Each structure stands twice: as structure tokens, then as C-alpha cells.
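Please read the structure below before turning to the comments.
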Amino acid sequence: MAGIRLAVPSSATKGEIIEIKALIQHAMESGFRRGSRGEVIPRDIITRFECRYNGALVFAADFHPAIAANPLMTFHALADKSGVFDFTWTDQAGQVWHDSAEITVT
């Protein structure tokens, strides 16, 4: 089970550039490693991350086997009105994790 941590300001001034951090706890197994008996450890990675602000895509990233476990994404967005940041992670098997954070813009 993946755990999610978000760092999104709860408030901002209209026109302010805010920093957002999103972390998901996930092993991100590349499929290239072998276990103690020489067996290949199956690949298990998150392949896509998206952040939407009031429904509009503000940041997206595609992940590949070389990405580290527990990927932390840091990016910036323009706070123009109050609303919700929605975060979505999708793995190679189609499993999806969601979380969201509200922001008040004055």
C-alpha cells in the first residue's frame, strides 16, 4: 500500500507562485534486480504522476525504471483563485492513487 504526503500552502495571495511537494511511498522495483536465489524481482513502478488545479493540468511526469523509490516531486504553480489541487499516481498495472489539497487565494 502506497502512502502519500503533500506539502501545499493552505493560503496564498492572488498571483503568487507557490511551491508544491508531493511524495508517494512506493518501492519502484525496476525489474532488473535479482533476489537472493538469483530470481528476477518483477518490475513494479509508478509510470505517471499528474497534478491538476481546479481541473486544469499544471504538472505531469512520466516515470521509468530508473526512478528512485518513494519519488518526491517538487514544482511550482501560479495561485490565481481558491480551489483544489488534485494529485494522481498511476502504476504499470493501472492501479491509481489519489489525494487532494485545498488552497484559499485572497
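The values are calculated or read from the model by the stated rules, or taken from the named source; none is laboratory data. A quick note: this is a predicted structure, and the numbers were derived from the prediction, not measured. Counting neighbours? That spans all protein chains shown, and the Cβs are built from the backbone with ideal geometry, glycine included. Areas reflect the complete protein model, heavy atoms only, side chains present, ligands, DNA and RNA absent. Shrake-Rupley method; radii C 1.70, N 1.55, O 1.52, S 1.80 Å.
For the stretch 61-75, a residue qualifies if it is open to solvent by 40 Å² or more (accessible area, probe 1.4 Å), under 18 Å from Leu6 (Cβ atoms) and part of a strand (DSSP E or B), and the qualifying residues are Leu72, Thr74. On the stretch given as the stretch 40-55, residues that are under 18 Å from Ala68 (Cα atoms) and at pLDDT 95 or above total 3.
Given the structure, is Ala56 free of Cβ contacts under 8 Å to residues at least 40 places away in the same chain, within 27 Å of Thr106 (Cβ to Cβ) and either open to solvent by less than 30 Å² (accessible area, probe 1.4 Å) or not aromatic (Phe, Trp, Tyr) (or both)? In short, yes.
Within the stretch 8-39, the set of residues being assigned to a strand (DSSP E or B), over 17 Å from Thr88 (Cβ atoms) and modelled with pLDDT of 95 or more comprises Ser11, Ala12, Glu16, Ile17, Ile18, Glu19.
Quick check: anything in the stretch 81-94 aliphatic (A, V, I, L, M), surrounded by fewer than 16 Cβ atoms within 10 Å (Cβ to Cβ), out of contact with any helix residue (DSSP H, G or I) (no Cβ under 9 Å at 6 or more places or on another chain) and in contact (Cβ under 8 Å) with a residue 60 or more places away in the chain? Among the residues of the stretch 81-94, not one is aliphatic (A, V, I, L, M), surrounded by fewer than 16 Cβ atoms within 10 Å (Cβ to Cβ), out of contact with any helix residue (DSSP H, G or I) (no Cβ under 9 Å at 6 or more places or on another chain) and in contact (Cβ under 8 Å) with a residue 60 or more places away in the chain, which makes the answer no.
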